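The values are calculated or read from the model by the stated rules, or taken from the named source; none is laboratory data. Since the structure is predicted, the reported quantities are computational estimates derived from the model, not experimental observations. Here Cβ is always computed from backbone atoms with ideal geometry, including for glycine, and neighbour counts include all displayed protein chains.
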Amino acid sequence: MPSPSLRQLAQQLGLSHTTVSEALRGSARVRPATRAKVLKVARDMGYKRNPLAGALMSEMRRSRAGTFRGVLAVVDLDGPAGRPEGAVRYHDELAKGAAKRADELGFKTDSFAVGKAGLSLERLDKILQSRGISGIFLLPVRETPDLTRLDWTHFSGIYSDYVIERPGLHAVCPDHFRAMLTAMERLLNLGYKRPGLMLNAAHDARLLHRWEAAYHAFQTHHAGMTRLPPLIMNSPSEADFSRWFWTVKCDVVMSHLPAALDWMIAAGARVPETHGFCSLNIMNNTKPCSGLDLQPRLLGARGMELLIGQVLRNECGAPEMPMTTTVPAAWLDGPTLKK
């Protein structure tokens, strides 16, 4: 059943639209008895305040021209301190893509940092509510996020990574499985027969092992490649890498870790003459290389579209069925693979 409008509430109560509106906002100009009556009828009729409409009216009252751009929050739960250089660039691109798309759709974004050097979740909750910000775009975090200290009855949210369960929100993320298949097919066409995969175990687990699963699946269903055991460790070292590299005798290394290229060269590989290197996220690498562009700007834009849709529909809180939207990666040729 749709939420009744303010005018329907006013008609039911026999009061003016302005009186009902001020009573719902807690204005001191409305007598306590009248305010209590309005709140009771609103609750009985299932009225739900639309924060976007409230912010719109507030802004129109403040603006002579009556123009308005809703405000949405871009929230960094980890904060930039200690973040690897590649991750900093990736987060920046996500935020820029989200802000640009929001602006195109008539909104502006404000950034908030949470964590040791930023706000507490309780403080963030108060700031967002006081400013009428009802949409939250969440940047990826290193650990499993817990946002249950935010009052989600007031907010819509989108998470820009695979899984968020506390609360379970809609998410938007790269299509890592499809991206690995794209990379493997490219390597096969270039003549590589022994692809080796190196991953950080925690990163692989956070992505629900999609890199690893696609790596094995491609080799199962495509002739011409030798199946090699991947190197997946919590803290891969140069010694671990060198031992694995020469044991499996791979002719190309695939990894999202930028150190892999340096370790290959230190182990005696001449890239691309004797061995190739494929970055699973070229934004992680400071040196030019071949590999996958996970398109964080496009990812941020798509996430913002989904968030604005929720805000306009007044859909707050955790959805009954959280869904994940994936964005394909783009392949970029570079100097670390043979022509």
Members of the stretch 246-267 that are in a loop (DSSP other than H, G, I, E, B), touching a helix residue (DSSP H, G or I) at 6+ places or on another chain (Cβ under 6 Å) and more than 20 Å from residue 331 (Cβ to Cβ): 267
Is it the case that residue 121 is in the same structural domain as residue 81 (by TED's automatic domain parsing), crowded, with 22+ Cβ neighbours inside 10 Å and either more than 19 Å from residue 296 (Cβ to Cβ) or touching a Pro at 6+ places or on another chain (Cβ under 9 Å) (or both)? no
Residue under question is residue 159, and the condition is that it be modelled with pLDDT of 95 or more, under 22 Å from residue 315 (Cβ atoms) and in contact with a Cys (Cβ under 9 Å, 6 or more places away or on another chain); does it hold? yes
Verdict on residue 315 being charged (D, E, K, R) and at pLDDT below 95: yes
Matching entry among 109, 182 (being among the polar types (S, T, N, Q), modelled with pLDDT of 90 or more and more than 30 Å from residue 279 (Cα to Cα)): 109
Single match in 270, 243 (criterion: closer than 15 Å to residue 335 by Cα, among the basic types (Lys, Arg) and not in a strand (DSSP E or B)): 270
Only one of (1) out of contact with any helix residue (DSSP H, G or I) (no Cβ under 6 Å at 6 or more places or on another chain); (2) modelled with pLDDT of 95 or more does not apply to residue 293, and that is (1)
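Matching residues to (1) within 16 Å of the chain's Cα centre (by Cα); (2) in the same structural domain as residue 261 (by TED's automatic domain parsing); (3) closer than 14 Å to residue 159 by Cβ; (4) among the hydrophobic types (A, V, I, L, M, F, W, C):
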site: 286; (1), (2), (3), (4): no, yes, no, no
site: 289; (1), (2), (3), (4): no, yes, no, yes
site: 321; (1), (2), (3), (4): no, no, no, yes
site: 334; (1), (2), (3), (4): no, no, no, no
Taking residue 226, is it under 20 Å from residue 307 (Cα atoms), surrounded by fewer than 19 Cβ atoms within 10 Å (Cβ to Cβ), out of contact with any Asp or Glu (no Cβ under 8 Å at 6 or more places or on another chain) and hydroxyl-bearing (Ser, Thr, Tyr)? no
Top-ranked residue of the stretch 200-223 - restricted to ones that are aliphatic (A, V, I, L, M) and surrounded by fewer than 17 Cβ atoms within 10 Å (Cβ to Cβ), ranked as nearest to residue 261 (Cα to Cα): 201
Only one of (1) surrounded by 17 or more Cβ atoms within 10 Å (Cβ to Cβ); (2) more than 28 Å from residue 73 (Cα to Cα); (3) modelled with pLDDT under 80; (4) of a type in the set (S, T, N, Q) fails for residue 21. Which number is that? (2)
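Let's see how each residue does on (1) modelled with pLDDT of 95 or more; (2) in contact with a His (Cβ under 8 Å, 6 or more places away or on another chain):
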site: 195; (1), (2): yes, no
site: 200; (1), (2): no, yes
site: 206; (1), (2): no, no
site: 213; (1), (2): yes, no
site: 221; (1), (2): no, no
site: 250; (1), (2): yes, yes
site: 257; (1), (2): no, no
Matching entry among 116, 126 (being in a loop (DSSP other than H, G, I, E, B), among the basic types (Lys, Arg) and surrounded by fewer than 16 Cβ atoms within 10 Å (Cβ to Cβ)): 116
Which members of the stretch 206-234 meet the condition of being under 15 Å from residue 280 (Cα atoms), in a loop (DSSP other than H, G, I, E, B) and in contact (Cβ under 8 Å) with a residue 40 or more places away in the chain? 207
From the residues in the stretch 280-339 that are among the polar types (S, T, N, Q) and touching a Ser or Thr at 6+ places or on another chain (Cβ under 6 Å), which one is surrounded by the most Cβ atoms within 10 Å (Cβ to Cβ)? 290
